[in-house]
């Protein structure tokens, strides 16, 4: 396991141990009211051997607080936990691991410009290269289109959007080579941010 990650976990638990009991639930776990608290809760669950619950909490850090400095450590923890849960050996990943290598365009009408920036920023935390495009003719509904061979990446992005947004909860994910060629030629995945996109307040 990455030594920086282990050191951070130990410091987190030490700080929590010195904190007020009001920060803990009935099980002695941190409440998940901020990125730090959720990361701490996930770490506690990990050390108690509750790996599936820890995985959910680390994913919560990634999805609820994508701009947090803790998001990259949470992604490392998720990889480790997924490996532990699957019984497979985890291969070492460098900190420069690009994650998603697909070229992604985030498109929307000028009226949703701030949402376009939020979605693009959140996707960048996943290691993807993203370009924002404003288009008056963009659809009003949030949807993800993908080019040939990019269905898995698009599915991950659509699932992430479903977690980042309070509405719509389910994001359609469809093949769209022709549409991508017309709107964002040269990109692999086209994320349409519609006026229906309502972000969780924590994003």
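Can residue 94 be described as outside any helix (DSSP H, G or I), at pLDDT below 55 and out of contact with any helix residue (DSSP H, G or I) (no Cβ under 9 Å at 6 or more places or on another chain)?
Details: outside any helix (DSSP H, G or I): yes; at pLDDT below 55: yes; out of contact with any helix residue (DSSP H, G or I) (no Cβ under 9 Å at 6 or more places or on another chain): yes.
Criteria met by residue 94.
Once the stretch 170-195 is narrowed to residues that are surrounded by 15 or more Cβ atoms within 10 Å (Cβ to Cβ) and free of Cβ contacts under 8 Å to residues at least 40 places away in the same chain, the residue that is nearest to the chain's Cα centre (by Cα) is 171. For the stretch 165-183, check the following and say yes or no: at least one residue is closer than 23 Å to residue 74 by Cβ and assigned to a helix (DSSP H, G or I). Scanning the stretch 165-183, I find no residue that is closer than 23 Å to residue 74 by Cβ and assigned to a helix (DSSP H, G or I), so the answer is no. The set of residues in the stretch 159-169 that are more than 13 Å from residue 62 (Cα to Cα) and crowded, with 21+ Cβ neighbours inside 10 Å contains only 165. Being modelled with pLDDT under 85, outside any loop (DSSP other than H, G, I, E, B) and not assigned by TED's automatic domain parsing to the domain that holds residue 161 is the requirement here; does residue 55 meet it? Against the criterion (modelled with pLDDT under 85, outside any loop (DSSP other than H, G, I, E, B) and not assigned by TED's automatic domain parsing to the domain that holds residue 161), residue 55 does not qualify.
Against the condition modelled with pLDDT of 85 or more and in a loop (DSSP other than H, G, I, E, B), how does residue 68 come out, does it pass? So residue 68 passes the test.
The values are calculated or read from the model by the stated rules, or taken from the named source; none is laboratory data. What you are looking at is a predicted structure, and each value in this text was computed from that prediction instead of being measured. Cβ sites come from the backbone with ideal geometry, for glycine too, and all protein chains shown count toward neighbours.
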